[in-house]
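Shown next, in structure tokens, is the structure this report addresses.
The values are calculated or read from the model by the stated rules, or taken from the named source; none is laboratory data. Since the structure is predicted, the reported quantities are computational estimates derived from the model, not experimental observations. Methodologically, a virtual Cβ is constructed for each residue, glycine included, from the backbone with ideal geometry; neighbour enumeration extends over all protein chains shown.
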Amino acid sequence: MSEAATVEDLQPFLQPTTYVDSDHEAVIAFAHRAAGEGGSDLDKAVRLYYAVRDEFRYDPYGVEMTEAGMKGSAVLQRGNGFCITKGALMAAACRVLGIPARLGFADVRNHMASKRMLELMQTDLFVYHGYVEIYLEGKWVKATPVFNLSLCEKFGTLPLEFDGRNDSVFHPFDAAGNRHMEYITDHGTFADLPFDDVLASFMKHYPAMYGEDRGAAVQGDMEAEAEADRRSE
């Protein structure tokens, strides 16, 4: 799709879908509250970004790899989420306000993770890391409302900011100047979550975390583990 999209091009990214459930009552209420009154679409998208980023803790533990567990509205119900579900919530909230939004996915290395998480994963490759693309001022802009401020502080990592005009996907350096996240494989963008592809990839790469019982994911607390890791250094 070209940068200057037509009305027809944008329609799929304005409609509610199974996982980007912009027709959910709680999502609609959240979108209007978080976006606030007044301002442009860009202003509203930026306010949504920070609400999704910081009102809901990033936590990859306990995620149910089911239709119900992977919806954007699941973040509101749980009070936390991981990259895919927080991205779905962001995209859904944008669509509530008539702002086109879609989901993007990439495999990354040097992703924020506790020592326990890396041991469970048995790899440093994070497959299908999720972000959002939002159509603002005539172009698609990338946003990653995933890692909440308090988590970044515990990891000693600079939080990702978003101004609505520039892509916000890279954590190139942590707060100490060390290299951080690296994007390896781009899986493209989608109007809805490609659930079957994500599930197959998770089960292939993380068998200790996502076995046959997709509703019983490993439990934990990422922020608590990050703080414990820093104290042990």
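Tabulated data for the structure shown
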read-out	value
Test: residue in the stretch 13-30 that is within 27 Å of MET117 (Cα to Cα) and hydroxyl-bearing (Ser, Thr, Tyr)	yes
Selection from the stretch 141-158 of residues that are assigned to a loop (DSSP other than H, G, I, E, B) and either polar (S, T, N, Q) or buried (at least 20 other Cβ atoms within 10 Å of the Cβ) (or both)	THR144, PRO145, VAL146, PHE147, ASN148, THR157
Restricting the stretch 100-118 to residues that are among the charged types (D, E, K, R) and either at pLDDT below 90 or farther than 17 Å from ASP59 by Cα (or both), the residue that is nearest to the chain's Cα centre (by Cα)	ARG102
Per-region count, the stretch 56-78, residues among the β-branched types (Val, Ile, Thr) and either assigned to a helix (DSSP H, G or I) or modelled with pLDDT of 95 or more (or both)	1
Of the criteria (1) within 24 Å of GLY164 (Cβ to Cβ); (2) in a helix (DSSP H, G or I); (3) of a type in the set (A, V, I, L, M, F, W, C), which one LEU103 fails	(2)
The stretch 131-158, subset out of contact with any strand residue (DSSP E or B) (no Cβ under 9 Å at 6 or more places or on another chain) and modelled with pLDDT of 90 or more, residue farthest from ALA45 (Cα to Cα)	LEU149
Pick from the stretch 22-72, criterion of a type in the set (S, T, N, Q) and under 29 Å from ASN166 (Cβ atoms), ranking: nearest to the chain's Cα centre (by Cα)	SER22
Test: residue in the stretch 21-39 that is at pLDDT 95 or above, among the acidic types (Asp, Glu) and surrounded by fewer than 16 Cβ atoms within 10 Å (Cβ to Cβ)	yes
Positions within the stretch 112-130 being out of contact with any Cys (no Cβ under 7 Å at 6 or more places or on another chain) and assigned to a strand (DSSP E or B), in sequence order	LEU125, PHE126, VAL127, TYR128
Every pair of residues 6+ apart whose Cβ atoms lie under 8 Å, when the first sits in the stretch 61-78 and is over 17 Å from TYR206 (Cα atoms) and without any contact (Cβ under 8 Å) to a residue 60 or more places away in the chain while the second is of a type in the set (D, E, K, R) and surrounded by fewer than 18 Cβ atoms within 10 Å (Cβ to Cβ)	ALA74/GLU64
Neighbours by Cβ (under 7 Å, 6+ apart or cross-chain): first from the stretch 1-30, under 22 Å from MET65 (Cα atoms) and part of a helix (DSSP H, G or I); second among the charged types (D, E, K, R) and at pLDDT 90 or above	VAL27/ASP21
Residue check, ALA92 in a helix (DSSP H, G or I) and closer than 30 Å to GLU225 by Cβ	yes
Subset of the stretch 159-195 that is assigned to a loop (DSSP other than H, G, I, E, B) and of a type in the set (Asp, Glu) - its residue that is modelled with the lowest pLDDT	ASP174
Given (1) touching a residue at least 40 places away in the same chain (Cβ under 8 Å); (2) touching a helix residue (DSSP H, G or I) at 6+ places or on another chain (Cβ under 9 Å), index of the condition ARG47 fails	(1)
